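Visitor: Handing you this structure, nothing more for now.
Just so you know, all these numbers are worked out from the coordinates, no wet-lab data involved. Note that the structure is a prediction, hence the values are computed from the model and not measured. Ideal geometry is used to build each Cβ from the backbone, glycine not excepted, and the neighbour counts take in all protein chains shown.
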Amino acid sequence: MKALTYHSSKDVRVDNVPDPVIEQSDDVILRVTATAICGSDLHIYRGKIPAMKSGDILGHEFMGIVEDAGSGVTALKKGDRVVVPFTISCGDCYFCSKSLFAACETTNPGRGAIVNKKSVRSGAGLFGYSHLYGGYAGGQAEYVRVPKANVGPLVIPAGLADEQVLFLSDILPTGYQAAVNGDVQRGSTVAIFGAGPVGLMAAASARLLGAEQIFMVDEHPYRLEFARATYGVEPINFREVDDPAELIIERTGSRGVDASIDAVGFEAKGSAVETVMADLKLEGSSGKALRQAIAATRRGGVVSVPGVYAGWIHGFLFGDAFEKGLIFKMGQTHAQRYMPKLLEHIQAGELHPEVIITHHMPLADAARGYEIFEKAEEDCRKVVLTPGGPAAG
Ligand SMILES: NC(=O)c1ccc[n+]([C@@H]2O[C@H](COP(=O)([O-])OP(=O)(O)OC[C@H]3O[C@@H](n4cnc5c(N)ncnc54)[C@H](O)[C@@H]3O)[C@@H](O)[C@H]2O)c1
Ligand SMILES: [Zn+2]
Ligand SMILES: [Zn+2]
């Protein structure tokens, strides 16, 4: 089959690779009908994620048709159309039983990314996300093996197009969890840093939950303008406004917002020193977006962090957070927890995640898709790849 494989930084290719096979009785083999490129894939693409091997198949946002099912699969049958969450979770360990699916302690034979790990078990395995997270083959491919198939995949009713539901795999639950973690409710004020797909899904979710005022910070005018027109955000371009947090404070009665959402993560731009230090491995993450989020949040408010962080940050103003009495919530998304409810919102016409898609491409053009998305060329917001030709309806 054909699959998008990693070779080295900025070198991904569609190669011929062996077809996946059933390895465990609760596996299914999925024929992928649609798959997307995530901002998390860009961290890999830029060579920033350790433990990648040449030939690893990328992709953790995908859906398709069940082609084959192991003898222990009871929740699905051949021919079902499903969306697969990016976190591989067993469904019955200590953490899965608390609906903390991203913390599943049975699916990741890798070490994860905790620096001061001691003997704690690794969190959930992830599709297409390095050997730190189990080395599972990803779904930017014609076929993919889906382990724990009784727990993760969500069956999609007929009548919904692939593109309407594809983002249930990751960015929609991620944006939603970010808003829920931010305790966003009717009348809330929210500042979202990052107008990429995750920031946009956070804006859609914040609106759904009743937020009254949403600020959005980025450097790409086309992303900010889309968010203004679609979700009614107040756009702030950090290339034009020197200190977005200060502007947000001014516009919220010198208090700051109820919740800030950092949808940028460890490769945040805007601090040349931290970018150089991170490249030299003297710094784990750029703290630029996180510092802005802390500064923009009112006393007693929440800093919700869906953006991925790694290792340490020297410029993390923990004292400021203490003085303001902030609440921090963060981490990988417990996708399975939110998928059914979000599907209902899509069916009810209350969420339209597909509106962020700008690029539809065959899998064969995936390398170009990475390049366009990474460079934010052609006003790219989100790339969807269709391995088997145009998406199913
Ligand atoms: N928690 C999870 O489970 C989960 C799931 C999916 C993605 N993510 C992470 O979410 C983050 C965003 O993903 P995405 O798909 O939207 O990626 P993306 O790269 O398309 O978006 C990031 C956006 O942040 C902007 N940005 C850069 N520096 C900034 C700064 N200092 N202030 C404000 N904006 C800044 C960029 O211009 C870009 O538009 C990534 O770190 C990704 O790994 C986490
Ligand atoms: Zn993702
Ligand atoms: Zn588990």
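Visitor: For the range 376-390, give me each residue that is part of a loop (DSSP other than H, G, I, E, B) and either of a type in the set (Val, Ile, Thr) or in contact with a strand residue (DSSP E or B) (Cβ under 9 Å, 6 or more places away or on another chain) (or both).
Guide: Result: Glu378, Cys380, Arg381, Lys382, Pro387, Gly388, Gly389, Pro390.
Visitor: Specify the residue that is nearest to Leu351 (Cα to Cα); the eligible residues are those in the range 183-214 that are within 11 Å of ligand 1 (Cβ to nearest atom) and touching an Asp or Glu at 6+ places or on another chain (Cβ under 8 Å).
Guide: The qualifying residue nearest to Leu351 (Cα to Cα) is Gly199.
To keep it simple, each residue is scored yes or no on (1) surrounded by fewer than 24 Cβ atoms within 10 Å (Cβ to Cβ); (2) away from ligand 3 (no atom under 16 Å from the Cβ); (3) of a type in the set (Asp, Glu); (4) free of Cβ contacts under 8 Å to residues at least 40 places away in the same chain.
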| position | (1), (2), (3), (4) |
| --- | --- |
| Gln164 | yes, yes, no, no |
| Asp170 | no, yes, yes, no |
| Thr189 | no, yes, no, no |
| Val198 | no, yes, no, no |
| Leu208 | yes, yes, no, no |
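Visitor: Then there is this: So the check is Cβ under 7 Å with 6+ separation or different chains; which pairs have a first residue in the range 256-278 that's more than 8 Å from ligand 1 (Cβ to nearest atom) and a second one that's in a loop (DSSP other than H, G, I, E, B) and acidic (Asp, Glu)?
Guide: Here the result reads Ala259/Asp183; Glu274/Glu283; Met277/Glu283, each pair linking the range 256-278 to a residue that is in a loop (DSSP other than H, G, I, E, B) and acidic (Asp, Glu).
Visitor: I want to confirm something. Restricting to the range 258-278 and keeping residues that are on the phi < 0 side of the Ramachandran plot and among the small types (Gly, Ala, Ser), which single residue is nearest to ligand 2 (Cβ to nearest atom)?
Guide: Ala263
Visitor: Just need a number here: residues in the range 206-229 that are assigned to a loop (DSSP other than H, G, I, E, B) and either more than 20 Å from Gly256 (Cα to Cα) or of a type in the set (Gly, Ala, Ser) (or both).
Guide: Matching residues across the range 206-229 total 4.
Visitor: Quick check on the range 230-247: of everything there that is within 12 Å of ligand 1 (Cβ to nearest atom) and in a helix (DSSP H, G or I), which residue is nearest to Lys324 (Cα to Cα)?
Guide: The selected residue is Ala245.
Visitor: Give the residue, chosen from Lys53, Lys78, that is part of a loop (DSSP other than H, G, I, E, B), in contact with a His (Cβ under 9 Å, 6 or more places away or on another chain) and surrounded by fewer than 24 Cβ atoms within 10 Å (Cβ to Cβ).
Guide: Details: Lys78 fails: in contact with a His (Cβ under 9 Å, 6 or more places away or on another chain).
Just one listed residue meets the conditions, Lys53.
Visitor: Moving on to the next point. In the range 81-106, what residues are surrounded by 19 or more Cβ atoms within 10 Å (Cβ to Cβ) and either part of a helix (DSSP H, G or I) or more than 16 Å from ligand 1 (Cβ to nearest atom) (or both)?
Guide: Across the range 81-106, the qualifying residues are Arg81, Val82, Cys90, Cys96, Phe101, Ala102, Ala103, Thr106.
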